[in-house]
1. Of everything in the stretch 54-70 that's among the charged types (D, E, K, R) and modelled with pLDDT under 90, which residue is surrounded by the fewest Cβ atoms within 10 Å (Cβ to Cβ)?
2. Please go through (1) in contact (Cβ under 8 Å) with a residue 60 or more places away in the chain; (2) more than 26 Å from ASP1 (Cβ to Cβ) for ASP74 and return the number of the only condition it doesn't satisfy.
3. Mind telling me which of the residues PRO99, PRO87 ends up being open to solvent by less than 80 Å² (accessible area, probe 1.4 Å) and in contact with a Pro (Cβ under 9 Å, 6 or more places away or on another chain)?
4. Would you be able to tell me the number of residues in the stretch 102-117 that are open to solvent by less than 50 Å² (accessible area, probe 1.4 Å) and either touching a Cys at 6+ places or on another chain (Cβ under 8 Å) or small (Gly, Ala, Ser) (or both)?
5. Pick out the one residue from VAL6, VAL77, VAL31 that is in contact with a helix residue (DSSP H, G or I) (Cβ under 6 Å, 6 or more places away or on another chain), under 22 Å from GLN151 (Cα atoms) and open to solvent by less than 30 Å² (accessible area, probe 1.4 Å).
6. Hey, among VAL75, VAL31, VAL51, which residue is among the hydrophobic types (A, V, I, L, M, F, W, C), farther than 22 Å from SER129 by Cα and at pLDDT 95 or above?
7. Going by the conditions given, is LEU160 surrounded by fewer than 18 Cβ atoms within 10 Å (Cβ to Cβ), free of Cβ contacts under 8 Å to residues at least 60 places away in the same chain and assigned to a helix (DSSP H, G or I)?
8. When you go through (1) without any contact (Cβ under 8 Å) to a residue 40 or more places away in the chain; (2) open to solvent by less than 60 Å² (accessible area, probe 1.4 Å) one by one for ILE121, which number turns out not to apply?
Amino acid sequence: DDVLIVCPAGLLAQWRSALREWAPELTMTTVRGSSSDRAWQWKTKAHVHLVSYETLRSDLTENPVCPPRRRVWDVVVLDEAQKIKNPEAEVSRKCKLIPRKRAWALTGTPLENKLEDLASILEIVCPLSAGQTPPKLRVDSAMLAKHQRVQLRRKKADVLKDLPPKIITCLALPLS
């Protein structure tokens with residue numbers, strides 16, 4: 001399977017480490033460096049390709065044969081997906097051009113600010129065949145129903161039993 005993980009540059013090492021620990025049987029490549037290095041990295045046979053939002057923005061063009069668009073990815077994962085909440089931002093438009101069978105949008109940022117932000121993020125979870133135009137979701141009851149079907153949200157009550165007990169420490173700091 002071909003998996004593309006897009007994340008902030010500062011999280012690439014964390015993703016590599018987690019993949020080595022939890023899925024050591026998977027081969028992975030990180031797309032980074034000069035444009036000539038990135039050209040062969042995109043072509044590398046691997047189960048998982050890791051790339052930062054900035055590198056993807058540089059490498060993904062309108063050309064359907066640009067490296068990230070040469071294949072239909074089995075899964076595209078956007079970590080810190082709030083980066084695509086503005087549908088007019090270049091990184092948002094480019095992420096949505098990635099041909100994909102399915103996608104996951106991971107974010108710890110609450111999606112309660114604007115429904116338009118939510119619509120932009122949900123557009124990435126829609127499959128996109130090569131040559132198709134990215135979908136534009138309207139803010140309506142159908143979009144909210146889609147959100148309820150695809151969102152996995154951990155609530156405090158669900159994870160409270162797994163958290164360590166709260167520790168409260170009071171420190172008196174003299175003001176000088």
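1. Just the residues of the stretch 54-70 that are among the charged types (D, E, K, R), to begin with: 54, 57, 59, 62, 69-70.
This time we only want the ones that are modelled with pLDDT under 90, so: 62, 69-70.
Details: GLU62: 9, ARG69: 21, ARG70: 13.
So, considering only residues that are among the charged types (D, E, K, R) and modelled with pLDDT under 90, the one surrounded by the fewest Cβ atoms within 10 Å (Cβ to Cβ) is GLU62.
2. Condition not satisfied by ASP74: (2).
3. On the way: PRO87 fails: in contact with a Pro (Cβ under 9 Å, 6 or more places away or on another chain).
One residue alone meets the criteria, PRO99.
4. Selection size over the stretch 102-117: 2.
5. Details: VAL77 fails: in contact with a helix residue (DSSP H, G or I) (Cβ under 6 Å, 6 or more places away or on another chain); VAL31 fails: under 22 Å from GLN151 (Cα atoms).
Answer to the check: VAL6.
6. Values: VAL75 fails: farther than 22 Å from SER129 by Cα; VAL51 fails: farther than 22 Å from SER129 by Cα.
Just one listed residue meets the conditions, VAL31.
7. Working: surrounded by fewer than 18 Cβ atoms within 10 Å (Cβ to Cβ): yes; free of Cβ contacts under 8 Å to residues at least 60 places away in the same chain: yes; assigned to a helix (DSSP H, G or I): yes.
So LEU160 fits the description; yes.
8. (1)
The values are calculated or read from the model by the stated rules, or taken from the named source; none is laboratory data. This is a predicted model, so every value here is computed, not measured. Please note: Cβ atoms are built from the backbone with ideal geometry, for glycine as well, and neighbour counts cover all protein chains shown. What goes into the accessible areas is simple: the full protein's heavy atoms, side chains included, and nothing from ligands, DNA or RNA. Shrake-Rupley method; radii C 1.70, N 1.55, O 1.52, S 1.80 Å.
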